[in-house]
1. Looking at the range 211-228, is at least one residue touching a Gly at 6+ places or on another chain (Cβ under 6 Å), polar (S, T, N, Q) and within 29 Å of E108 (Cα to Cα)?
2. Among the residues of the range 202-220, is any of a type in the set (S, T, N, Q), open to solvent by less than 60 Å² (accessible area, probe 1.4 Å) and either part of a helix (DSSP H, G or I) or over 13 Å from W148 (Cβ atoms) (or both)?
3. For a quick check of your reading of the model, give me the residue pairs whose first member lies in the range 103-118 and is in contact (Cβ under 8 Å) with a residue 12 or more places away in the chain, whose second is open to solvent by 40 Å² or more (accessible area, probe 1.4 Å), with beta-carbon atoms closer than 6 Å and at least 6 apart or on different chains.
4. Would you mention how many residues in the range 182-232 are closer than 25 Å to T167 by Cβ and either hydrophobic (A, V, I, L, M, F, W, C) or out of contact with any strand residue (DSSP E or B) (no Cβ under 6 Å at 6 or more places or on another chain) (or both)?
5. Would you confirm, using the coordinates I've provided, whether P224 is within 21 Å of the chain's Cα centre (by Cα), open to solvent by 20 Å² or more (accessible area, probe 1.4 Å) and within 22 Å of R133 (Cα to Cα)?
6. Out of curiosity, is P179 over 20 Å from A35 (Cα atoms), assigned to a loop (DSSP other than H, G, I, E, B) and not hydrophobic (A, V, I, L, M, F, W, C)?
7. Count, please, the residues in the range 29-45 that happen to be surrounded by 17 or more Cβ atoms within 10 Å (Cβ to Cβ) and at pLDDT 90 or above.
Amino acid sequence: MIYGLLVLVFRMLNAVGGHRTTRVGSGRLPAAGGAVLAINHTSYVDFTYLGISARSVDRRLIRFMGKAELRRNLVVRWLMWGCRVIPVDRSAGHGAYVAAVDELRAGEVVGIYPEATISRSYEIKQLKTGAARMALEAGVPIVPCIVWGSQRIFPKGGARHLGRTRTPVMVSVGDPLPPVGTPDELTATLHASMTSLLHAVQDAYGPHPGGEPWVPARLGGSAPTLAEADALDATGR
């Protein structure tokens, strides 16, 4: 019930902001059964567009994995409980891993950010193996997913544009990857798939003006390169 209410609230906020969301790749998220949804991470609000799209197009609810420390805020704790978010304690993550595998075996869609943190370069960072290990242990596919454009609204370390900006956002769901191979092999396959999907989404998105902070350096923007972004992350800034 709370999940549905939040979907309605975020739809209203998108309507107020004039954000135009386009979905690519209908029918690729399994209609039933468990699946790991591997999502790129470029902003603090990208999960909202994916959650709305999965509910509206695929009729699936996503069990997102989120940082346990967010529960320090009582309102956020209540929302996480209502949306059945799987809390992740980075100092002791095994419990979250076990909980996620159990949910996958029970037929749920579990959403995970395999980059582990927001990509300031807006490229696909090196991936952790957790998504692959979950899929292999539960025997479910990994579905790569890209959200593009939300970094223009609420990026990490950049200006927020939360008003009526009419920002276009694109959600793309790729072909499911079968749970085969070792965790490292499946993670490499996932990285290649997410990178290819990201480039296709960027090509379809429209103009990427040169020098803009939301545009990757590869496309002529002023966002840091992948190496520069990794260096910033290493400083903890």
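1. So in the range 211-228, the residues touching a Gly at 6+ places or on another chain (Cβ under 6 Å) come out as 212-213, 215, 220, 222.
Subset that is polar (S, T, N, Q): 222.
With the extra rule that they be within 29 Å of E108 (Cα to Cα), the set shrinks to none.
Taking every residue of the range 211-228 in turn, none turns out to be touching a Gly at 6+ places or on another chain (Cβ under 6 Å), polar (S, T, N, Q) and within 29 Å of E108 (Cα to Cα).
2. So the first thing to find is which residues in the range 202-220 are of a type in the set (S, T, N, Q), and the list is 202.
Now drop any that are not open to solvent by less than 60 Å² (accessible area, probe 1.4 Å), which leaves 202.
Among the residues that remain, those that are also either part of a helix (DSSP H, G or I) or over 13 Å from W148 (Cβ atoms) (or both) are: 202.
Yes: the range 202-220 contains one or more residues that are of a type in the set (S, T, N, Q), open to solvent by less than 60 Å² (accessible area, probe 1.4 Å) and either part of a helix (DSSP H, G or I) or over 13 Å from W148 (Cβ atoms) (or both).
3. Here the result reads V110/E103; P114/K128; A116/K128; I118/K156, each pair linking the range 103-118 to a residue that is open to solvent by 40 Å² or more (accessible area, probe 1.4 Å).
4. So the first thing to find is which residues in the range 182-232 are closer than 25 Å to T167 by Cβ, and the list is 194-226, 228-229, 232.
Still in the running and either hydrophobic (A, V, I, L, M, F, W, C) or out of contact with any strand residue (DSSP E or B) (no Cβ under 6 Å at 6 or more places or on another chain) (or both): 194-204, 206-226, 228-229, 232.
Of the residues in the range 182-232, 35 are closer than 25 Å to T167 by Cβ and either hydrophobic (A, V, I, L, M, F, W, C) or out of contact with any strand residue (DSSP E or B) (no Cβ under 6 Å at 6 or more places or on another chain) (or both).
5. On the way: within 21 Å of the chain's Cα centre (by Cα): yes; open to solvent by 20 Å² or more (accessible area, probe 1.4 Å): yes; within 22 Å of R133 (Cα to Cα): no.
For P224, the condition - within 21 Å of the chain's Cα centre (by Cα), open to solvent by 20 Å² or more (accessible area, probe 1.4 Å) and within 22 Å of R133 (Cα to Cα) - is not met.
6. On the way: over 20 Å from A35 (Cα atoms): no; assigned to a loop (DSSP other than H, G, I, E, B): yes; not hydrophobic (A, V, I, L, M, F, W, C): yes.
So P179 fails the test.
7. First, the residues of the range 29-45 that are surrounded by 17 or more Cβ atoms within 10 Å (Cβ to Cβ): 29, 34-43, 45.
Checking the rest, the ones that are also at pLDDT 90 or above come to 29, 34-43.
Result for the range 29-45: 11.
So that you can scan it fast, the table gives a plain yes or no per residue for (1) closer than 28 Å to A192 by Cβ; (2) open to solvent by less than 70 Å² (accessible area, probe 1.4 Å); (3) part of a loop (DSSP other than H, G, I, E, B); (4) at pLDDT below 80:
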| residue | (1), (2), (3), (4) |
| --- | --- |
| F47 | yes, no, no, no |
| S53 | yes, yes, no, no |
| V57 | yes, yes, no, no |
| R63 | yes, yes, no, no |
| L70 | no, no, no, yes |
| L79 | no, yes, no, yes |
| R84 | no, no, yes, yes |
| A99 | no, yes, no, no |
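The values are calculated or read from the model by the stated rules, or taken from the named source; none is laboratory data. Everything numeric in this text was worked out from a predicted model, so none of it was measured. In this analysis, Cβ positions are derived from the backbone assuming ideal geometry, glycine residues included, and neighbour counts consider all displayed protein chains. What goes into the accessible areas is simple: the full protein's heavy atoms, side chains included, and nothing from ligands, DNA or RNA. Shrake-Rupley method; radii C 1.70, N 1.55, O 1.52, S 1.80 Å.
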